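As structure tokens, the structure follows; a few thoughts come after it.
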Amino acid sequence: MAKPKVATTHMAGCFGCHMSLLDIDERLIQLIELVDFDKSPIDDIKRFTGPVDVGIIEGGCSSQENYEVLKMFRKYCKVLVAVGECALTGGIPAMRNTVPLKECLEEAYLKGPSVVGGVIPNDPDIPLMLDKVYPVHEVVKIDYFIPGCPPPADAFWQVLTALLAGKEPVITYEALKYD
Ligand code: SF4
């Protein structure tokens with residue numbers, strides 16, 4: 001029987017949530033026995049090979065490319081899980097939301113103290129920045145949220161194994177407390 005499929009993506013974030021997922025350590029062997037990974041930076045599969053059971057989203061929606069990836073994940077994934085504060089709230093990248101995009105770009109590429117003869121990048125291959133960084137639930141419907149920066153490995157494990165068993169995920173207090 002075919003195994004359930006899991007896809008993951010990284011958007012405006014730091015990859016720390018993916019690192020935390022890998023932090024389930026030896027349970028990775030169990031996970032690989034339970035599921036096949038589809039599109040994900042973990043296996044470097046770039047395109048969906050078909051419908052996926054669980055999609056995991058790290059990072060906020062900061063660019064046109066992020067927006068399109070999110071829409072694609074919603075289309076292909078039966079269940080979509082947002083992980084980490086960047087996905088849930090915009091996180092650190094959303095600090096730019098307090099400054100108009102034009103000013104952000106000018107400061108980074110034209111006026112910053114270390115810039116000499118700068119230019120604002122405008123190559124068509126570079127994804128267009130959105131006016132601000134959006135939490136992912138403002139762009140597509142999200143089924144489950146795992147908070148944390150990053151969420152602990154145990155929280156990933158508890159949610160994933162519950163979903164794969166067809167159960168409602170419950171994250172224990174120990175996996176959600178932040179001292
Ligand atoms: S939530 Fe934290 S760990 Fe995850 S991508 Fe954002 S900054 Fe990195």
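General remarks:
- Positive dipole terminus of the stretch 65-123, leading residue within 77, 110, 121 (C-beta point charges): 77
- This model, with +1 at the C-beta of Lys and Arg and -1 at the C-beta of Asp and Glu, gives the stretch 44-102 a dipole about its Cα centre of some 240 debye.
- For the stretch 50-167, lysine pairs separated by 8 or more sequence positions, or belonging to different chains, with Cα-Cα distances below 12 Å total 5.
- Placing +1 on the Cβ of every Lys and Arg and -1 on the Cβ of every Asp and Glu, with no other charges, gives the stretch 11-87 a dipole of roughly 480 debye about its Cα centre.
- In straight-distance terms, cross-link reach from residue 177 covers every one of the aspartates and glutamates whose alpha-carbon lies under 15 Å from its own, apart from those fewer than eight places away in the same chain; here that gives 85, 154.
- Relative contact order (%) - the stretch 47-179, alpha-carbon pairs under 8 angstrom, separation at least six: 29 percent
- For the stretch 35-77, the fraction of 1.4 Å probe accessible surface lying on carbon and sulfur atoms is 49 percent.
- With the charge dipole of the chain set up from +1 on Lys and Arg Cβ and -1 on Asp and Glu Cβ about the Cα centre, the Cα lying farthest toward the positive end among the listed residues 147, 134, 17 is that of 134.
- In order through the stretch 126-139: 3J(HN,Hα) via Karplus (6.51 cos²θ - 1.76 cosθ + 1.60), integer Hz, x for Gly, Pro: 8, x, 6, 6, 7, 4, 7, 8, 9, x, 5, 5, 7, 10
- Candidates 57, 146, 42: whichever shows maximal mean-square fluctuation once the chain is modelled as a Gaussian network with Cα springs under 10 Å: 42
- Contour excess over end-to-end distance, with Cα ends at residue 168 and residue 120 and 0.36 nm allotted per residue: 12.6 nm
- Taken per residue, the accessible surface of the chain reaches 57 Å², heavy atoms only and a 1.4 Å probe.
- Pairwise centroid distance, computed over Cα atoms, of the stretch 11-33 with the stretch 108-142, Å: 27 Å
- Built amide H within the under 5 Å cut-off of residue 7, gap 5+: 38, 54, 55, 56
The values are calculated or read from the model by the stated rules, or taken from the named source; none is laboratory data. Since the structure is predicted, the reported quantities are computational estimates derived from the model, not experimental observations. Neighbour counts run over all protein chains shown; Cβ positions are idealised from the backbone, glycine included. Surface areas here come from the heavy atoms of the whole protein model, side chains and all, with no ligands, DNA or RNA. Shrake-Rupley method; radii C 1.70, N 1.55, O 1.52, S 1.80 Å.
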